[in-house]
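The values are calculated or read from the model by the stated rules, or taken from the named source; none is laboratory data. Keep in mind the model is a prediction, meaning the values are calculated, not measured. Neighbour counts are summed over all protein chains in view; Cβ atoms, including those assigned to glycine, are modelled from backbone coordinates with ideal geometry. Only protein heavy atoms, including side chains, enter the accessible area calculation; ligands, DNA and RNA are left aside. Shrake-Rupley method; radii C 1.70, N 1.55, O 1.52, S 1.80 Å.
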Amino acid sequence: MKEAKVITIVSSIILIILIPLGAYYYFASEFIYNILISIITGIVITIITSLCQYFVLKEKIKNNIFNCYFDMYKAIYVSKHKKVLFHYPVLNIYKKLLVFSDELSKNLSEYSSFYPTKKNKQYKKLNPILNPDFDKFNIKNFSKLILPLNSKRFNEIIIPAEKTLEKVLKEINYKKFEKEMVEYEKIYKLLNKKL
């Protein structure tokens with residue numbers, strides 16, 4: 001994505017320089033004018049191609065980030081629905097959390113925009129500033145979730161994280177989240193009926 005952005009910017013600068021030269025040589029030399037028009041045509045095609053590549057990659061990264069958040073959300077959903085007495089299974093959440101942070105940071109680092117990230121609304125949706133309560137959300141408390149009868153801690157730590165993930169997913173793409181969630185719930189119910 002960054003490469004496509006750089007190619008677009010550099011090609012646009014070259015195009016801006018060549019257009020006045022083309023206008024000058026239109027009157028000065030037909031031969032040089034024809035060469036410049038050929039070069040300008042090639043640069044315009046390059047700009048169009050790099051912009052298309054940029055927007056395709058942007059959408060791909062947006063989908064990858066949405067999928068990272070949604071996979072984490074699904075892991076919490078499964079744990080929430082597999083409660084036995086006063087215990088929620090959390091091993092799947094822990095495993096997903098290890099993959100989640102790597103995937104998310106990789107995709108966010110690939111994201112690039114023509115605007116600075118501080119002013120980019122799309123980037124803010126993809127990478128919101130989350131302020132967890134570190135008194136509750138820390139390694140010590142998270143490791144205690146593995147112990148039996150973890151219902152209270154699960155409700156204090158995981159349920160707020162689930163609500164935050166849902167909010168982020170809806171901000172990224174509300175319709176896609178609703179559609180994917182309905183499909184996932186159907187599949188989850190069908191699989192658990194057979195078990």
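Among the residues making up the range 20-44, those that are among the polar types (S, T, N, Q) and assigned to a helix (DSSP H, G or I) are 34, 38, 41. If you filter the range 117-135 down to residues that are modelled with pLDDT of 75 or more and open to solvent by 80 Å² or more (accessible area, probe 1.4 Å), you find that the one that is nearest to the chain's Cα centre (by Cα) is 124. Within the set 51, 91, 36, 57, the sole residue that is in contact (Cβ under 8 Å) with a residue 40 or more places away in the chain and buried (at least 17 other Cβ atoms within 10 Å of the Cβ) turns out to be 57. Of everything in the range 80-99 that's modelled with pLDDT under 85 and assigned to a helix (DSSP H, G or I), which residue is farthest from residue 1 (Cα to Cα)? Only one residue tops the list, namely 81. In this structure, residue 49 does satisfy being within 21 Å of residue 114 (Cα to Cα) and hydroxyl-bearing (Ser, Thr, Tyr).
Using the structure shown, decide if residue 113 is open to solvent by 60 Å² or more (accessible area, probe 1.4 Å) and either part of a loop (DSSP other than H, G, I, E, B) or at pLDDT 80 or above (or both). No.
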